[in-house]
Amino acid sequence: MKIIFLILLSTLLFADIKDDIFNYYQNEKYEDACTLGHKWLDKNIRDEEFISLYAFSCLKSDYIDRLSIPISLLKFSRESRSNSAYFSVILMQKKLLYHSLVDGYNLSKLKLPSTDYILSKVFDLYSELGEHEARTLYIFTDKKNPRVSYKLYVINDEQLSKMVIEEYFDTISIQRHVYW
């Protein structure tokens, strides 16, 4: 009897956690959703809906490195595999763009799929430059909306350089993304 109660209680608790993450996500509290999902990921390792919700929360809060585990776990349904591929592209673009900016790696020969995520947009715009002299600041105009622009640069820290993408609408700063 106690075992059945504990199983029922844990099932309800996990359902509440998933609802909490979904509510955070719906209210655009992506960092809270990502953090809570990260704490409960090992308990929900077989729930692809939970994993996708967690991964999209992390993506929206720029915790892109947390996508590596969901990428490997999302494999049992068509939608999950699609999400996994989407996250893989973005993670790879982040790593390659960072490698290029910090280490001078030439991206001009690479042909990768793209997404609608800001990092993908900037990756594509940067890749189109081809082989070029390194700059301290790159400014790009969005292809679909000329009123949107992006500034790309690196902040050199004592221990770790960080890649920054600032997003603007006309001259108004919309969002700042920092990756390492």
Just read off the accessible area of LYS29 with the full protein assembly in place, 1.4 Å probe, to the nearest 10 Å². 100 Å²
Among TYR117, ALA33, HIS99, whose Cα projects farthest towards the positive end of the dipole of the range 30-125, with charges put on the beta-carbon of Lys, Arg (+1) and Asp, Glu (-1)? HIS99
Please give, to one decimal in nm, the separation of the simple spin-label points placed at ASN23 and TYR153, each 7 Å out from Cα toward the Cβ. 4.1 nm
Using the Kirkwood radius over C-alpha pairs as Rh, can you work out the diffusion coefficient of the range 140-180 via Stokes-Einstein at 37 °C, viscosity 0.692 mPa s, in µm² per second? 301 µm²/s
Separation between the LYS60 and THR171 pseudo-spin-labels, each 7 Å from Cα along Cα→Cβ, expressed in nm? 3.2 nm
Report, to the nearest 10°, how far helix 118-127 tilts away from the longest principal axis of the Cα atoms in the chain, using its own Cα long axis and a range of 0 to 90°. 30 degrees
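Rolling a 1.4 Å sphere over the protein heavy atoms, what is the accessible area per residue of the chain, to the nearest Å²?
Values: 11300 Å² over 180 residues.
Ligands and nucleic acids excluded, the figure is 63 Å² per residue.
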Would you work out what percent of the accessible area of the range 44-106, with all protein chains in place, is carbon or sulfur (probe 1.4 Å)? 54 percent
Which pairs break 29 Å Cα to Cα here: LYS43/LYS151; LYS39/LYS94; LYS60/LYS162; LYS75/LYS95; LYS121/LYS162? LYS43/LYS151
Ranked from the most accessible area to the least, with a 1.4 Å probe and all protein chains present, what is the order of VAL122, VAL154? VAL154, VAL122
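The values are calculated or read from the model by the stated rules, or taken from the named source; none is laboratory data. Computed from a prediction, not measured in an experiment: that's the story for all the values here. Every residue, glycine as well, gets a Cβ built from its backbone with ideal geometry; the counts of neighbours run over all protein chains shown. These area figures cover heavy atoms from the full protein model, side chains too; ligands, DNA and RNA do not enter into them. Shrake-Rupley method; radii C 1.70, N 1.55, O 1.52, S 1.80 Å.
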